[in-house]
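Each value in this text was obtained by applying a stated rule to the coordinates, not by laboratory testing. Note that the structure is a prediction, hence the values are computed from the model and not measured. Cβ placement follows ideal geometry from the backbone for every residue including glycine, while neighbour counts extend to all protein chains displayed.
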């Protein structure tokens, strides 16, 4: 085993023996499990008792005299009552059929159980929530792993055994990033396979949806790895966990507002670019000069109009790669040249 691999092995052992790191790993395993269990329970099919109660309510509504009165009023004047086609003659058999079909009580109207929809969970539900949780946890993992070394002064001791700083930096970066990617991949793959199995058992899994969910999870795992690397690199640069977390959370919370104040479009919004990577492209609105057609339709020139655009995966990855690459380069050069206390 060469010297670099031995160093990687040592750093991995240090990471796995760090209490804060183990807490974060446990949270990444437990929280998605809890979210998945709650989702499965909340979307359970209605029980026999619930169906029977709904049927009773449906029959009671059908036998209500007000139901027949409403149907009669609709048949007498279908255009005003329900907005039907003018071709339907009032009082005709066709009008009665259309009105009764629309107003007839249906069983699903009395059952209040939500359905498990993996595509919806992928696009705007638990998949996004778990991705954000993993990304933030892995960012904390990268920050606290090296932040503890600077706070305790152990970096100087490590450099006594391995004075080549570039090797030390890369070994730490590889361990943090690799651990984050591996953990996020296992968690997200397991989550989507479990949700897919439940959805298939309920006949709620269209063709191709599970693969799309898994691919989203793998892209999200890459984002989690990038978050861990960014947290590590900035902490090696500033030598402070607090400073790194303050900067990262400040960018996450106020980055879009600051870009808006500076007049920079959403194209460069960090959150939007992260979303483009995770979802393989995302739609956003950009301000552009109004076209002549738009000016004529609005009856005046209002300066700028909104235009829907697509931020692709490649564009989002390019922005994130540039930002993280610049942070890593600055961190590496600073660690190489600056004195270590």
Among the residues of the stretch 154-167, write down those that are within 15 Å of residue 339 (Cβ to Cβ) and touching a residue at least 24 places away in the same chain (Cβ under 8 Å).
155, 156, 159, 165
In the stretch 135-180, the residues that are assigned to a helix (DSSP H, G or I) and at positive phi:
none
